[in-house]
Amino acid sequence: MAVTVKFFAGFREATGKIQDSIEGVNNVTSLLDELVRRFGEKLAERLYSSDTRELRKTVNILVNGRRLDFLQKLNTPLKDEDVVAIFPPVAGG
Amino acid sequence: MIISRFGETGQQKLKAAHVVVAGIGGLGSPASSYLAAAGAGHLTIIDSQRVELSNLNRQVLHWEPDVGRSKVKSATEKLTAMNSNIKVDAIFEQITSENVDRLTKGVDVVVDGMDNYPTRYLLNEACARNRVPFIHGAVEGLVGQLMTILPGGGPCLKCAIPNEPPKKPCFPVLGATPGVIGCLQAMEAIKLITGVGEPLVGRMLIFNGMDMTFDEIKVNRDPSCQVCGRQDR
Ligand SMILES: [Zn+2]
């Protein structure tokens, strides 16, 4: 099964890709693990805080357009043809 | 204007419209300028800050001689000089949970020109409560985002961005970035007022000046959202 991941803003720079197709992942945690395996430390740094190794608060993930905390957070299951968007919301004005 | 479907009635609708521009900085400057130039009849501009030298790279309504003046006063002068047929109300206040309803109730559109999420969330809630469209915009560096939020329509700001990104002491912003997003906010406001076109609802536009791309992120309204979830469609 394949999940489509779309990268925006800085995540595009970290991965060098606009989007990617990932197979063999069944939830958001395993997807992020696979992405880090593919794109290395540059992506890991953007995703996780260096001390706690938790997902940074600057990272927003939507699964099929729905925010993760409405679903099951990082345990949110993924299935074939799901679309995951990863972006860092900006705040300035 | 002689754009198809705007016409005389469109211009009349603009003239009758009351638009709040919340924050008159990098986003609010271009947004209010294009609203004024288009003939939006009544603008209320809200900002509690004074002009600083470091603002001038992007807050194009404020000029060197304005440093130290209130932003709303500086902006009112320019907007009314641009179009003497419009009314501009200047509110030199910080937006709080106490005054946000008074400031948004009964207006036609609220444009987000804020530089922080706590105030954006206040406006998002007040606009949902008072059934006012809210045009969200934000920028940093060469990246900008934009989403139009309709009461009883699509998702709200909380649906798209549930948690406030961590505060930073300052945001380096290339001035042209809020220029792009602020213009698009004015365009969305004008479209809503005149009933022309398809608003940016249920999708967040991400502008990345670094590779000069515009992308959309699909956003769904969630029935369990505390802000917009209980509203009738
Ligand atoms: Zn919502």
Which numbered condition B:Phe214 misses (of (1) in contact (Cβ under 8 Å) with a residue 40 or more places away in the chain; (2) more than 16 Å from the ligand (Cβ to nearest atom)):
(1)
Please go through (1) of a type in the set (A, V, I, L, M); (2) more than 7 Å from every other protein chain (Cβ to nearest Cβ); (3) within 24 Å of A:Val59 (Cβ to Cβ) for B:Ile190 and return the number of the only condition it doesn't satisfy.
(3)
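Based on what the data block shows, is B:Ala126 modelled with pLDDT of 95 or more and in contact with a helix residue (DSSP H, G or I) (Cβ under 7 Å, 6 or more places away or on another chain)? Write out each step before concluding.
Numbers: modelled with pLDDT of 95 or more: yes; in contact with a helix residue (DSSP H, G or I) (Cβ under 7 Å, 6 or more places away or on another chain): yes.
Yes, satisfied.
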Given (1) at pLDDT 95 or above; (2) over 16 Å from the mean Cα position of the chain (by Cα); (3) more than 16 Å from the ligand (Cβ to nearest atom), number of the condition B:Lys167 does not satisfy:
(1)
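One line per residue, one yes/no per condition, for (1) surrounded by 16 or more Cβ atoms within 10 Å (Cβ to Cβ); (2) more than 12 Å from the chain's Cα centre (by Cα); (3) under 29 Å from B:Ser224 (Cβ atoms); (4) away from chain B (no Cβ under 11 Å):
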position	(1), (2), (3), (4)
A:Ile18	no, yes, no, no
A:Gly24	no, yes, no, yes
A:Arg37	no, yes, no, yes
A:Glu45	no, yes, no, yes
A:Ser50	no, yes, no, yes
A:Lys57	no, yes, yes, no
A:Asn60	yes, no, yes, no
Inside region B:176-205, can you point out the residues that are outside any helix (DSSP H, G or I) and surrounded by fewer than 18 Cβ atoms within 10 Å (Cβ to Cβ)?
B:Gly195, B:Val196, B:Gly197, B:Glu198, B:Val201
In the set B:Pro162, B:Pro178, B:Pro155, which member is within 16 Å of the ligand (Cβ to nearest atom), within 9 Å of chain A (Cβ to nearest Cβ) and in contact (Cβ under 8 Å) with a residue 60 or more places away in the chain?
B:Pro155
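On the basis of being among the basic types (Lys, Arg), within 16 Å of the ligand (Cβ to nearest atom) and over 18 Å from the mean Cα position of the chain (by Cα), does B:Arg221 make the cut?
Values: among the basic types (Lys, Arg): yes; within 16 Å of the ligand (Cβ to nearest atom): yes; over 18 Å from the mean Cα position of the chain (by Cα): yes.
In short, yes.
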Tally, over region B:193-233, of residues that are more than 9 Å from chain A (Cβ to nearest Cβ) and of a type in the set (Gly, Ala, Ser)
4
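The values are calculated or read from the model by the stated rules, or taken from the named source; none is laboratory data. Quick caveat, the model's predicted, so the values are computed rather than measured. No Cβ is skipped: glycine too gets one built from the backbone with ideal geometry, and neighbour counts run over all protein chains shown.
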